[in-house]
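So the structure is just underneath, and the comments pick up after that.
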Amino acid sequence: MDSVTKRYPDGTVAVDRLTLEIPDRSITVLVGPSGCGKTTTLRMINRMVEPTEGTITLDGADLQRQPVTALRRSMGYVIQNAGLFQHRTILDNIATVPRMIGWGKQKSRERARELMERVGLDASLAKRYPYQLSGGQQQRVGVARALAADPPVLLMDEPFSAVDPVVRKGLQDELLRIQDELGKTIVFVTHDIDEAIKLGTMVAVMRTGGRLAQYAPPAELLSDPADDFVEDFLGADRGIRRLSFFASEGLQLTTAPVVRVDATAEQLAAPDAPYLLVTDVEGRPLGWSEPRDLTAGDIAAERLLPYGRPFVPGTDSLRAALDCAVLSPTGWAVAVDGDGRVTGVASQQTIGEAIRTAHGAADGRTAGPGTDGDRPAGAAGIAKAAP
Amino acid sequence: MNVLNFVNAFFSDSAHWHGYDGIPQRLLEHVQYTLLALGIAAAIGLPVGLLTGHTGRGGNAVAFVATAARALPSFGLLVLIAVVVGIGLLPVMIPLVVLAIPPILVTTYEAVRSVDPAPVDAARGMGMHESSILFRVELPVALPLVLSGLRSAAVQVVSTATIAAYVSLGGIGRYIIDGLYQRNYEKVVGGATLVALLALVTLAAFWAVGRLAVSPGVRRR
Ligand SMILES: Nc1ncnc2c1ncn2[C@@H]1O[C@H](COP(=O)(O)OP(=O)(O)OP(=O)(O)O)[C@@H](O)[C@H]1O
Ligand SMILES: [Mg+2]
């Protein structure tokens, strides 16, 4: 988009000289307060709205020169509340575009079935009508319908804003998974900054009046907001949220305070630690205890302190690790492997050091004191781990 | 003498069951007038209602035409036109069509207008042509209302088609007019009963069409 302006007939300037380069095969999120021109921007891409000034090019070709129906058919379009056709079954809703471009009934329905599976809809829903589906299911149908003819571009306007937070998280994870498999060029509109940060490869923050405030990858947005508006919009805990972008892989773990439930008296006495983490014989965590409360051969799992929610180094981010440590009654975070076996524990202090190292690496500065040079915790900003 | 006796006498008189003045013949004529008038009114009211409803333009004109048409008295119109063009089918058809157009036109317009804009937006965004949007997205959802407009037009035409008898045509109105003239109340009541029955049959027919034509997804059951 090159210096694109949209002025509605009533004089409202919805988008003001917006210049934006949207990368292929990744998710670009437009985010900003209500009325800042996100929807208008999105709808100029499929020409549901025509720009007043400026040009939009797709792969070097001016959109204005392309026939509008062909253009729209090459772009999937998902809207808030899905906008399903209530007189058609779920299967026929999804098959709409394939039917429209002449795939034939059989092939279109086959394709629709395939997509139902892809977006996580049970095949038994195929013959139902939209009113028989929950909001989240309808939204999945909306996504499937947009993907049906395999368009290279997907435009999504607040697709998940009408569902509750739990369902929304499921839909977001699903979208990321689908995107991993299909590699579409997605433009995604939301007013929810957390959603933008979670989904976006690039995030465009817009301000009222249709102007671009900042266009950057989410990690950069969190570390270097361009101005007060962006900083405000990001909210108070951007420091914590930024940790989502730092891998917990390099975190220094220790196994010293970890004891098995069948430990001998010497083993229980050996560690010099205020708390011990007791595991079962297979290494799965049972709980924390002070050493003096443990008697060899007589450790009862019920009397142990809860260990909170363990994190998986490599999969989870530093944010998850910190969260673990904060929630743990002992202040120590428990790390487990994929099978739930304890691989070690980390104190809040260790995690704090890892955070400083990660920040240092991300900011390209030398890490502060108290960090070991051999810890590559600065795989920062690459791994996008779940918070 | 009560009304039921009249009804009973009318329908049990075998003379009323055959010949050019028999019930089957009169019913057939009545149904023919109704269908013709309804067909013409639908041919005018439906396309205009669909188009104005889809584009959203001309809503005021629709309302104006409908109000004006409703203000015209059917019987007065019949007499007026009969005086101008003489006796025949035309003076009967014009008032019936004028009677039927407003409910068809206005309800169709309102029906299309009231379709949820989100699916329409989605359809347009996926590159559907305007005509497909109207017929494949808006009309199926608007259909129950469109049918209700046709239904009230049909019921009104069924009862008003009795005026055909005033200009020497047939239909059930014959019994009522002739009966009044001959002071044969058995005929009057019999004719009125037939009109009422035909109106009920019309309602039943529309109910059946609704069951068949409206998607379960729109009916929501
Ligand atoms: N058809 C229109 N005619 C006139 N003004 C419009 C029209 N559509 C949108 N606007 C105005 O343009 C501005 C941007 O609207 P837009 O819908 O793009 O905002 P948005 O960022 O998507 O907001 P939201 O988060 O509330 O959906 C608003 O001030 C809006 O009132
Ligand atoms: Mg919007």
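I'd like to verify a number: residues in region A:161-185 that are charged (D, E, K, R), assigned to a loop (DSSP other than H, G, I, E, B) and open to solvent by 20 Å² or more (accessible area, probe 1.4 Å), how many?
First, pick out the residues of region A:161-185 that are charged (D, E, K, R): A:164, A:168-169, A:173-174, A:177, A:180-181, A:184.
Still in the list and also assigned to a loop (DSSP other than H, G, I, E, B): A:164, A:184.
Those still in the list that are open to solvent by 20 Å² or more (accessible area, probe 1.4 Å) too: A:164.
Number of matching residues: 1.
Scanning for something part of a helix (DSSP H, G or I), open to solvent by 30 Å² or more (accessible area, probe 1.4 Å) and among the hydrophobic types (A, V, I, L, M, F, W, C), does region B:108-127 turn up at least one residue?
The answer is no; no qualifying residue exists.
So which residues in region A:142-157 are more than 16 Å from ligand 1 (Cβ to nearest atom) and either part of a loop (DSSP other than H, G, I, E, B) or within 11 Å of chain B (Cβ to nearest Cβ) (or both), if there are any at all? Step through it out loud before you land on a result.
Restricting attention to region A:142-157, the residues satisfying the condition of being more than 16 Å from ligand 1 (Cβ to nearest atom) are A:142-154.
Result: A:G142, A:R145, A:A146, A:A148, A:A149, A:D150, A:P151, A:P152.
Restricting to region A:41-71, count the residues that are open to solvent by 20 Å² or more (accessible area, probe 1.4 Å) and away from ligand 2 (no atom under 16 Å from the Cβ). Explain how you work it out, then say what you get.
Start the filter on region A:41-71 by keeping residues that are open to solvent by 20 Å² or more (accessible area, probe 1.4 Å), which leaves A:43, A:47-48, A:50-55, A:57-62, A:64-70.
Next, from what is left, pick out any that are away from ligand 2 (no atom under 16 Å from the Cβ): A:47, A:50-55, A:57-62, A:64-70.
Of the residues in region A:41-71, 20 are open to solvent by 20 Å² or more (accessible area, probe 1.4 Å) and away from ligand 2 (no atom under 16 Å from the Cβ).
Just checking, how many residues over region A:292-318 are assigned to a helix (DSSP H, G or I) and in contact with a Ser or Thr (Cβ under 6 Å, 6 or more places away or on another chain)?
Applying the first criterion (assigned to a helix (DSSP H, G or I)) to region A:292-318 yields A:292-293, A:301-303, A:318.
Of the ones still in play, those that are also in contact with a Ser or Thr (Cβ under 6 Å, 6 or more places away or on another chain) are A:318.
Going through region A:292-318 one residue at a time, the tally reaches 1.
State whether one or more residues within region A:80-93 are under 21 Å from A:V15 (Cα atoms) and either within 11 Å of chain B (Cβ to nearest Cβ) or surrounded by fewer than 23 Cβ atoms within 10 Å (Cβ to Cβ) (or both).
First, pick out the residues of region A:80-93 that are under 21 Å from A:V15 (Cα atoms): A:80.
Then drop every residue that is not either within 11 Å of chain B (Cβ to nearest Cβ) or surrounded by fewer than 23 Cβ atoms within 10 Å (Cβ to Cβ) (or both), which leaves A:80.
Yes, region A:80-93 contains a residue that is under 21 Å from A:V15 (Cα atoms) and either within 11 Å of chain B (Cβ to nearest Cβ) or surrounded by fewer than 23 Cβ atoms within 10 Å (Cβ to Cβ) (or both).
Here is a yes/no grid of residues against (1) within 16 Å of ligand 2 (Cβ to nearest atom); (2) open to solvent by less than 20 Å² (accessible area, probe 1.4 Å):
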position: A:D194; (1), (2): no, no
position: A:T208; (1), (2): yes, no
position: A:L221; (1), (2): no, yes
position: A:D224; (1), (2): no, no
position: A:D228; (1), (2): no, no
position: A:A236; (1), (2): no, no
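What helices (runs of 4 or more DSSP H) lie completely within region A:1-120 and have 3 or more residues being within 31 Å of the chain's Cα centre (by Cα) and within 16 Å of ligand 1 (Cβ to nearest atom)?
Working: elements: A:38-45, A:68-73, A:90-94, A:96-100, A:105-118.
Answer list for region A:1-120: A:38-45.
Determine if region A:8-17 includes at least one residue that is more than 14 Å from chain B (Cβ to nearest Cβ), surrounded by 13 or more Cβ atoms within 10 Å (Cβ to Cβ), of a type in the set (G, A, S) and within 16 Å of ligand 2 (Cβ to nearest atom).
Looking through region A:8-17, at least one residue is more than 14 Å from chain B (Cβ to nearest Cβ), surrounded by 13 or more Cβ atoms within 10 Å (Cβ to Cβ), of a type in the set (G, A, S) and within 16 Å of ligand 2 (Cβ to nearest atom).
Can you name the number of the only condition in (1) away from ligand 2 (no atom under 16 Å from the Cβ); (2) among the charged types (D, E, K, R); (3) surrounded by 13 or more Cβ atoms within 10 Å (Cβ to Cβ) that A:K38 fails?
(1)
Among the residues of region A:111-130, are any of a type in the set (A, V, I, L, M, F, W, C) and within 16 Å of ligand 2 (Cβ to nearest atom)?
Our first condition is that a residue be of a type in the set (A, V, I, L, M, F, W, C); within region A:111-130, this holds for A:112, A:115-116, A:119, A:121, A:123, A:125-126.
Next, from what is left, pick out any that are within 16 Å of ligand 2 (Cβ to nearest atom): none.
Within region A:111-130, none of the residues are of a type in the set (A, V, I, L, M, F, W, C) and within 16 Å of ligand 2 (Cβ to nearest atom).
The values are calculated or read from the model by the stated rules, or taken from the named source; none is laboratory data. Note that the coordinates shown come from a computational prediction; the quantities given were computed from them, not determined experimentally. Cβ sites come from the backbone with ideal geometry, for glycine too, and all protein chains shown count toward neighbours. Just so you know, the surface numbers come from the protein's heavy atoms only, side chains and all, with ligands and any DNA or RNA stripped out. Shrake-Rupley method; radii C 1.70, N 1.55, O 1.52, S 1.80 Å.
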